[in-house]
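> Input: one structure, supplied below.
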């Protein structure tokens, strides 16, 4: 990430300053109605809607299918869309440049944003699991591996979000993030099985991080055969996206 003041990028970060900034990031996120819609409203709405309609009625238990996918959707909405759009506008208005010159440093700023994303995802997970339980969902698989996969997905989607935020103008980033969200929602196997897609589209979807995350999380939570290929795809995105973001991110437009 290029900038004249890169000498501060690796300065020691005070834990007090770090958590203070993380608290501010969280409060700002919770105050943005559009962020709450993307991070909480849409995932819960999709879960409740698709659990009640006949769109996926050929599944034995729609709720068991939906909850893991909606957890993956929540990660995508927070780590890619919410983080990416907010960071893009902060870059546009010069907020990143000003915060980067404070004692917090830019490393601390990125760490605070990471803590904010994880806090929001924790809230999402609690709400989604509670909603799923109310609809009849129960865990039959392993929670810890699922959390590990969700964390891996967070790294991948945050990398994608930061790559767009650091290379596109704010308005273009806004449009791109929302468009990509819709594409990955439809091709991610989150609200309906990938098997409902045409064969060629299924092959393409399996190369994307959304399908890789939802399929792996669903497999471990349902104690079914684990899709190793999807895990390889997810790991690939979790490595490539942050590296590209770090390489091409510009702190100013």
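The values are calculated or read from the model by the stated rules, or taken from the named source; none is laboratory data. Being a predicted model, the structure only gives us computed values, none of them experimental. So basically every Cβ, Gly included, is an ideal-geometry build from the backbone, and we count neighbours across all protein chains shown.
> Which ones in the stretch 166-205 are in a loop (DSSP other than H, G, I, E, B) and within 25 Å of residue 63 (Cα to Cα)?
188, 189, 190, 191, 192, 193, 197, 198
> Condition first: at pLDDT below 90 and within 22 Å of the chain's Cα centre (by Cα). Now tell me which residues in the stretch 195-219 satisfy that.
If the condition is that a residue be at pLDDT below 90 and within 22 Å of the chain's Cα centre (by Cα), then no residue fits.
> For the stretch 233-253, enumerate the residues that are over 14 Å from residue 157 (Cα atoms) and either buried (at least 17 other Cβ atoms within 10 Å of the Cβ) or in contact with a helix residue (DSSP H, G or I) (Cβ under 8 Å, 6 or more places away or on another chain) (or both).
Passing the criteria: 248, 249, 250, 251, 252, 253.
> Report yes if some residue within the stretch 144-155 is in contact with a helix residue (DSSP H, G or I) (Cβ under 8 Å, 6 or more places away or on another chain), under 16 Å from residue 29 (Cβ atoms) and surrounded by 20 or more Cβ atoms within 10 Å (Cβ to Cβ); otherwise report no.
Checked the stretch 144-155: at least one residue is in contact with a helix residue (DSSP H, G or I) (Cβ under 8 Å, 6 or more places away or on another chain), under 16 Å from residue 29 (Cβ atoms) and surrounded by 20 or more Cβ atoms within 10 Å (Cβ to Cβ).
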